[in-house]
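Here, each number is a calculation from the coordinates, and none is a lab measurement. This structure is a prediction, so every number in the text was calculated from the model and none was measured.
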Amino acid sequence: MIRKLRELAGHGLIRNALSLWVVQFFRKALPLITIPFLTHELGPDGWGRVAIFQSLAACVALLIEFGFELSATRQVARCRHSREDVAGVVAGVVGAQAVLAVGAVALAVAVRGWVPVLRDHPALLVFCLMLAVADGCNPVWYFVGIERIGVVAALEICCKSLTAIAIFALVRSPDGAVTVLALQALASLLSMVAAMGIMYRGIPFRRPSRGLISEALGGSWPMFLIRGAESLYTLGNAFILGLFVGPAMVGYFAAPEKITRALAGLLNPIRQALYPRLSKLMHTEPDQAMHLARIGISVTGLGGLAIGLVVYVFAPALIRIAFGAQFAPAVTVLRLLAVLPPLVSLTQSVAMQWLLPLGRERVVTRTVVAAGALNLLLALFLVPRLAHLGMAWAVICSEAFVCVTITCAALADSKHKLLWFRRPRAFPEAGAARECESESAVVPRMAAELKSAL
């Protein structure tokens, strides 16, 4: 048994998953420790302001990241044995993100005068934009693509731990919202700079050219549509709610949402570790890819269901212990949002472990864009009537729509048979030259091969 455990621990895929679990702990689970402290110290109003600007920072970071976490990871994974090819991918992505960061900051400053919550809190906006740029430009995609995720894990441990310690030491009043955002922004900036330095020690630096930037943006555009639309019903909910109601109501919604999202995020390392491996196996060993995808979908789906049941049953105790009696209105929201972990787990597993490795970005994109629009429309209708409960119902309906649509698309792709009972459509063997094709060439070729196979 001990020998078997050692063999598993030495397996590259297992090591990557464990490293990503460390990253996910310090990115998702650590807030489960700091959020209860912040809610007690800041109160509903102060915590609501922090949640609004954290939500905005996440949306701006998503614009800067532009879907490279998926597209660039796939490109680097296919070309990682050629330092020159990887350097070209990195140059295009880094240049594109620099352009996007400048544009995002300029846009936020331009609209500040028309949005009261931004106009009334200039200091929070400054640190919010710093946090967004640092998170959006962090080259996590590079380390995931070359399967050296331990580097990212080490950086996350150091930066997030220091941030948590500083928050516990410095935040002592309802006026500490600015301090919280400042500490988080500085930690993310430190992590980004360190990751960039380590990345360029492994590959030669190439100056981003207009052609490389255009190629990177064009290849990642479908992924950005997926991630951008997804933000409308995941990352941007607290900010959307803050446009209609006061900070206290935002706090009643944001605390339960962060709990359920953080718990569901504990399963992300499995999907992230499998994604680059499946992207390659789909073109070389489809049988092995099918087996690996089946295991990943089963494990994450059952894990999400277990998490949802625990959250629903223990919702009153979780709110009382974590946030205190002043957050009692959040119990109903938490029980409603307990459905998110199973929905999110199934959706992301099917998408990242089946549809995206097969090159079915268009199906996922259409679904997520429609869900983002649905969430926004429902929020506009329900929030003025039901406040934080209306936002919760809008999120649930949007997530359910995505889950059902993505699952049906995957089943239809395998001719209405369960994925693990049918051999996936095999792609022709890819030689070394084809493995390093640009993303703009790979996606159309995959679509043509799928069409001919049908």
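Per-structure values
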{"item": "Cα gyration tensor category, rounded, prolate or oblate, for segment 293-414 with a/c compared to 1.5", "result": "oblate"}
{"item": "Euclidean distance of C-alpha centroids, segment 84-98 and segment 100-136, integer Å", "result": "26 Å"}
